[in-house]
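Q: Here it is, the structure in full.
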Amino acid sequence: MMMMRRRRMMAADFLQIPDDEKGYDLNLFCVPKHYEEDLESVIIPHGLIMDRTECLARNIVEDMGGLSPVVALCVLKGAYKFFADLLDYIKALNQNSDQSVPLTVDFITLKSYRNESTTDVKVVGEEELSALTGKVSTFSIADIVETGRTMETLLSLLNKYNPKVVKVVSLLVKRTPRSCGYRPDYIGFEVPDKFLVGYALDYNEHFRDLNHICILSESGKEKYRK
Amino acid sequence: STCSCGCGFQISDEEQGYDLDLFCIPKHYVNDLERVYIPHGLILDRTERLAREIMRDMGGHHIVALCVLKGGYKFFADLLDYIKALNRNSDRSIPMTVDFIRLKSYCNDQSTGEIKVIGGDDLSTLTGKDIIDTGKTMKTLLQLLRQYNPKMVKVASLLVKRTPRSVGYRPDFVGFEVPDKFVVGYALDYNEYFRDLNHICVISEAGKEKYKA
C-alpha cells in the first residue's frame, strides 16, 4: 500500500474563509456582463488571490533552494491561472535575488467522472511524466482540493516515477465532510463547502473567464446545467 | 489607414536587442543568453492591443480559446487576461471557454512534419463556435479543426518568423514579426530550458552547448 506523506501543519498556513462568509456584492467589482445574473457574490477578489499567491511563491522558493532541477506540473484546466500567476511570482524572485532555481514546466489533465457511487479519475498526458526520474523535484500545482481523491490519484501516479521530491500546491482547500483527509504542502485559502467558480475554476466549462472567485447563484446553476 | 493585425510589430533583421545588464534575468541564465530581444513589458503592451483587435473581430459569438502547449501557455494566459479585462469593462461581453492541446511531431527519417494532436476535450464541441488558436505550428491543426465545422477559426500567434522555410501561412493576429534567429523565453524553450524566463531573448553559443539535447 502506498504511504501518503502527511505534512505537519503550522499556524497561519493558509488564509481561512469562514463558513458564514457571504462574500462581497457584485456591484463593488468588475464582473463580465454575461455573468451578472449567474453569481451570488465575490468571495475571493482577484487582487487578494494575487497577494496570497505572491506569498506562496516566496515560501516555495525558500524551500526549493536545494531541490534543483524542479519541474512545475500544472493540473489542467482549473489550475492554469494559478499556475501562470504563481510561476510569474517565482520567476520574479528568481530574477531579483542572488540565488535562483531553474524551473521546467509540464501539463497534465485529470478528469473526474462521477458515476452513481464512485468518482473515477482519468489522467491525460501521463506519457509526459516519464521524464520525471529520480533526479527531479516535482511541484504539482492544483486549483482546489475537495475530497482529495484526485490528488491521491496524481500522487500515486507521480510516485511510480520516483522523483526526488513530490510536493503539492493548491490554491484552495475545501472544508468538507467528504474529504479523505489529504492536505497539500502549500495552501492558498481554506474555503467553505460551497460551489465556487472563477479564476479558471468552472461549472460545466463556464466561468473560467472570470477573474474573481465567486459563489455560483441558483439561477447560474440552472442556466449552465449540462 | 491602420495596419491590420496580419503585419505585426516589425523587428528588423539588423535589430541587436538589449544588453542583459539593463534587465532582470534569472541568475541561472546569465551566461546562456546573448541579448534581450523583446522585453516582457513590450510583449504585454502588444498583447493588450491584440486583445482589443480580437474582440473587435470576433463578432459576439461564444469563443473557444485553444492553447497550444507548452510554448503558447504564457501568451495564452496574458492574452486572455486582457480579453477578460475588456469583457468586464464594456457594455458587451463575450463568453469564453478554454481548452489545451499539445502538438507532437513524429520524427521519422524524412521529418514529414506529421503532427498528432494530444489532449483537448472532445473537439466536436467546437462545432458552431469561434476559435482563437495560439501557438506555433498551424496548418495541420487548422485542417483538424475544420473537420468539426466551427463557425469561425482564427489564429493568434505571438511571433511570426521571416524565414525562407515559411510555407506562406499567415496567422490572423500577429504580435511581432521577427528575423530568423533562435529565440527563447516567455514560455518558448530550447530543449525545455528558458521557459522560466520572462523576456524573449537570443540564446548564446554557450547556452546552446550547455543545454544541448
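What follows is calculated from the coordinates using simple rules that are stated; it is not laboratory data. Every value quoted in this text rests on a predicted model; they were computed, and no experiment measured them. Neighbour counts are summed over all protein chains in view; Cβ atoms, including those assigned to glycine, are modelled from backbone coordinates with ideal geometry.
Q: Percent antiparallel among DSSP beta bridges with both residues in the protein assembly as shown, to the nearest 5?
A: Values: 29 of 80 bridges.
That works out to approximately 35 percent antiparallel.
Q: What do you get for GluC sites (Glu not before Pro) in region A:29-83 restricted to DSSP loop and a cutoff of at most 16 other Cβ within 10 Å of the site's Cβ? Could the numbers behind the result be given before it?
A: Numbers: sites: A:E36, A:E37, A:E40, A:E54, A:E62; in loops: A:E36, A:E37.
Listed in order of number, the matching sites are A:E36, A:E37.
Q: Still on this structure: With r defined as the distance between the Cβ atoms of A:N59 and A:D20 and R0 fixed at 25 Å, what FRET efficiency is calculated, to the nearest 0.05? Write down the numbers at each step before the final one.
A: Working: r = 28 Å, r/R0 = 1.13.
The formula returns an efficiency of 0.30 here.
Q: Quick one: of the DSSP bridges fully inside region A:36-130, what percent are antiparallel, nearest 5? It would help to have the intermediate numbers written out before the result.
A: Values: 6 of 13 bridges.
So the antiparallel bridges in region A:36-130 amount to around 45 percent.
Q: Here's something else I'd like to know. Could you check the simple spin-label distance between B:M152 and B:N31, using points 7 Å along Cα→Cβ, in nm with one decimal?
A: 5.2
Q: For A:R175 and A:E37, what is the calculated FRET efficiency with R₀ set at 25 Å and r taken between the beta-carbons, to the nearest 0.05?
A: Numbers: r = 28 Å, r/R0 = 1.12.
That pair, A:R175 with A:E37, gives E of 0.35.
Q: Could you tell me the ratio Rg/Rh of the protein assembly as shown? Both radii from Cα atoms, Rh via Kirkwood. If you can, show how the numbers build up before the last one.
A: On the way: Rg = 21.6 Å, Rh = 22.8 Å.
Rounded to two decimals, Rg/Rh equals 0.95.
Q: Order of A:172-180, A:14-22, A:138-146 by packing, highest average Cβ count within 10 Å first?
A: On the way: A:172-180: 15.6, A:14-22: 13.1, A:138-146: 23.2.
Averaged packing, sorted descending, gives the order A:138-146, A:172-180, A:14-22.
Q: Say the dipole of region A:22-169 comes from +1 at the beta carbon of Lys and Arg and -1 at that of Asp and Glu; which of A:T153, A:A57, A:F83 then lies farthest toward its positive end?
A: Towards the positive end, the residue furthest out is A:T153.
Q: To make sure I understand the rule: partners must be aspartates and glutamates, Cα under 15 Å from the Cα of B:K74, and not fewer than 8 residues away in the same chain. Which ones qualify?
A: Straight-line reach from B:K74, under 15 Å: A:D85, A:D88, A:D106, B:D45, B:E48, B:D99, B:D133, B:D189, B:E192, B:D196.
Q: Something else: Provide the net charge surrounding A:K33, with neighbours chosen by a C-beta distance below 15 Å and charges set as Lys +1, Arg +1, Asp -1, Glu -1.
A: Details: positive: A:K223, B:K84, B:R88, B:R92; negative: A:E36, A:E37, A:D38, A:D209, B:D91.
In short, -1.
Q: Taking the Cα atoms only, what angle lies between the long axis of helix A:149-160 and the longest principal axis of chain A, rounded to 10 degrees?
A: 20
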